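J.: Quick one: the structure is below, questions incoming.
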Amino acid sequence: MTQVTHWIDGEFSTQKSERHGDIYNPATGQVTGSVDFASSATIDHAVQVATRAFKEWRHSSLTKRVQILFAFRELVHINKEKIAALITAEHGKVLSDALGEVTRGLEVVEFACGIPHLLKGGFSEEVSTGIDVYSIRQPLGPVAIISPFNFPAMVPMWFFPIAIACGNSVIVKPSEKDPSAVMYMANLWKEAGLPNGVFNVLNGDKEAVDALLTHPGIKSVSFVGSTPIAKYVYETGTKSGKRMQALGGAKNHMVVLPDADLDLAADAAINAGFGSAGERCMAISVLVAVEPIADALVAKIKERISSIKTGDGTKGADMGPLVTRIHRDKVASYVDAGEKEGATLVVDGRNVKVDGDGFWLGPTLFDNVTPAMSIYNDEIFGPVLSVIRVKTYDEALKLVNDHPFGNGTAIFTNDGGAARRYQNEVEVGMVGINVPIPVPMSYYSFGGWKNSLFGDTHAHGIEGVHFFTRGKVVTSRWLDPSHGGINLGFPQNS
Ligand code: NAD
């Protein structure tokens, strides 16, 4: 049994916790560990440690920061298989997927290695006679990162490499369902030479989140999770005066125009609909088929689903289990609801047969879905793909723009003009053109619109650097030596 505690001041916490959570292996359904839930005293201690560490770390040279970031990058790279195995054991996603998320996280560390360039300010000489103006960016202080279960390594890594590179100290509160990947990386930071107290991990649930949101020592919160919690976190944090970014849920539409390559579109729907069992914020959950191609497209997707192997992510399956039994049952209840509401159930994942007592649900496909149905409106966050049929591009666009979520979307077409129009008209933060999931690239920023993001700042890229720093503008006048001061041999003003 794994015992997960907290990581504070460069070591595992020895403080006793009164509350704990179970950690499961979703492929076996068995409890494999226990995670401590931080008390308010532990949280306060961690914030004090992070505050003390910040005072020194903010003055560390850019050269030193970059050396530590490079060392951390190497250590994560060398240990990426171990981190991926921890992810699969607690989340359930297949190993190749887990490895993919570590690689994406590493790209943010690599981006942060360029921090000397990213932190450069501006300088204007002689804005008035003898007066110069320049800008600098300074760190905030101790910052909190609160992450969801579905990317236990990548999502925290969207934030902490940049926060640390900018000179902040960090407290990560990972999901209580799969905390081990972040705990493992804490040790790697220490090995890389990061001073104790700059990177800390507190485990817990709502109680820990609430304490971080209101603690006066925490200067900003980066949150990723479901929309109701993201909205609550954003509102609570801003009320207590913190800088906030809260990324929420999604319902990503993939529009397929009649001229699209249907094999490409069907492959994309399979990968983006059922990869990681649909537990991705960039998963495609609605396919908008612009007639007359719906019959042909649904047939191609159905055929491909028959070859998806659902099973243990460590044993060569294509799709793993869902994260918990409660979540599995919630997703299955949406399949029940879709049937009752009158959608055509083309493939039913509820009957999938897999050995063991894991949280299994196979790929599920609905056709003839309508905007009135709960399977269309709600984020299901499981392997359920809904096909909705429309007659025109305008009808498709209206559907996407009327939906309250705006995280990602894709369009499949061979008409560059149509794609260009879609990218311009669609009210969504991230758009794929003949690409189903626009993946996060570290040097661009990641984030949605509407109910998929609360706050103004997206994750990583230059927006990440701005989120983790405050701008300062200095106006300076240095008198010419001829005006006096130490006599350095300049001719004196008469
Ligand atoms: P969640 O909202 O249940 O939990 C996220 C975090 O909030 C966890 O650390 C959890 O401990 C904490 N939390 C849970 N309930 C809370 C409460 N009542 N008060 C305060 N804190 C609370 O989300 P999840 O189920 O872990 O993750 C899946 C969700 O995250 C999906 O909705 C998915 O779309 C979203 N997500 C979004 C993005 C994005 O970039 N927009 C990326 C990944 C995941």
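Taken together, the values in this text are just the output of simple stated rules run on the coordinates, not laboratory data. Bear in mind the structure is a predicted one, so any value in this text is a computation, not a measurement. Note that each Cβ is placed from the backbone with ideal geometry, even for glycine, and that neighbours are counted across all protein chains shown.
J.: So what is the relative contact order of the chain, in percent, for Cα pairs below 8 Å that sit 6 or more residues apart?
T.: 18 percent
J.: Cα-based Rg of the chain per 2.2 N^0.38 Å, rounded to two decimals?
T.: Working it through for the chain, the quotient is 1.08.
J.: Moving on to the next point. Which shape class, rounded, prolate or oblate, goes with the stretch 1-98 when its Cα gyration tensor gives a ≥ b ≥ c as root eigenvalues, a/c under 1.5 marks rounded, and past that a/b bigger than b/c marks prolate?
T.: Oblate is the answer for the stretch 1-98, as a/c is 1.5 or above yet b/c matches or exceeds a/b.
J.: Could you work out how far the C-alpha centroid of the stretch 44-76 sits from that of the stretch 202-242, in angstrom?
T.: Cα centres, the stretch 44-76 to the stretch 202-242: 22 Å.
J.: Cα axis of helix 40-57 to longest principal axis of the chain: angle in degrees, 0 to 90, nearest 10?
T.: Once rounded, the angle reads 50 degrees.
J.: Quick check on the stretch 95-197: take the gyration tensor over C-alpha atoms, sort the square-rooted eigenvalues as a ≥ b ≥ c, and tell me if it's rounded (a/c under 1.5), prolate or oblate.
T.: Judged from the Cα gyration tensor, the stretch 95-197 comes out prolate (a/c at least 1.5, a/b above b/c).
J.: Follow-up question, since we're still on this one. State whether the stretch 283-387 is rounded, prolate or oblate according to the following rule on the C-alpha gyration tensor (a ≥ b ≥ c being the square roots of its eigenvalues): a/c under 1.5 gives rounded; otherwise a/b larger than b/c gives prolate, and the remaining case gives oblate.
T.: Note, shape of the stretch 283-387 comes out oblate.
J.: Sorting Phe199, Phe123 on the 10 Å Cβ count, fewest up front, what's the list?
T.: The most exposed by this proxy come first: Phe123, Phe199.
J.: Quick one: work out Rg over Rh on the C-alpha atoms of the stretch 348-494, Rh as Kirkwood radius.
T.: Over the Cα atoms of the stretch 348-494, Rg/Rh equals 1.35.
J.: Continuing with the same structure: Output wanted: per-residue J couplings in Hz (rounded whole) for the stretch 428-433, from phi through Karplus 6.51 cos²θ - 1.76 cosθ + 1.60, θ = phi - 60°, x for Gly and Pro.
T.: Listing the rounded values in order: 9, x, 9, 10, x, 10 Hz.
J.: If you don't mind, another one. Could you work out [θ]222 nm for the chain from helices alone, using -39500 (n - 2.57) per DSSP H run of at least four and dividing by all its residues? Round to the nearest 500 deg cm²/dmol.
T.: -11500 deg cm²/dmol
J.: Okay, moving on. Mind ordering 411-417, 232-238, 133-139, 265-271 by average Cβ neighbours within 10 Å, highest first?
T.: Going by the mean number of other Cβ atoms within 10 Å, highest first, we get 265-271, 232-238, 411-417, 133-139.
J.: Compute the acute angle (0 to 90°) between the alpha-carbon long axis of helix 227-239 and the principal axis of greatest extent of the alpha-carbon atoms of the chain; round to the nearest 10°.
T.: That works out to roughly 20 degrees.
J.: Pairs Lys340/Lys398; Lys173/Lys330; Lys177/Lys242; Lys93/Lys450; Lys177/Lys472: which exceed 32 Å Cα-Cα?
T.: From the list (Lys340/Lys398; Lys173/Lys330; Lys177/Lys242; Lys93/Lys450; Lys177/Lys472), the Cα-Cα distance tops 32 Å for Lys177/Lys472.
J.: Exposure proxy check: Met441, Met373 ranked by fewest other beta carbons within 10 Å?
T.: Neighbour counts put them in this order, fewest first: Met441, Met373.
J.: Show me 294-303, 221-230, 390-399 ranked by packing, highest mean number of other Cβ atoms within 10 Å first.
T.: Packing order, densest peptide first, comes out as 221-230, 294-303, 390-399.
J.: Where the Cα atoms of the stretch 226-356 are projected onto their three principal axes, how long is each span, largest first, in whole Å?
T.: 54, 43, 32
J.: Give the order of Glu176, Glu291 when sorted by the count of other beta carbons within 10 angstrom, beginning with the fewest.
T.: Least crowded to most crowded, the residues run Glu291, Glu176.
J.: Please compute the contact order of the stretch 2-160 in relative form: average sequence separation of alpha-carbon pairs under 8 Å and at least six residues apart, divided by the residue count, as a percent.
T.: Normalised by residue count, the contact order of the stretch 2-160 is 19 percent.
J.: Right, next: Tell me, how many Å apart are the Cα centres for the stretch 350-427 and for the stretch 1-26?
T.: 38 Å
J.: Using only the Cα atoms of the stretch 157-255, what are the Rg and Dmax in Å?
T.: Radius of gyration, then largest Cα-Cα span, for the stretch 157-255: 14.5, 49 Å.
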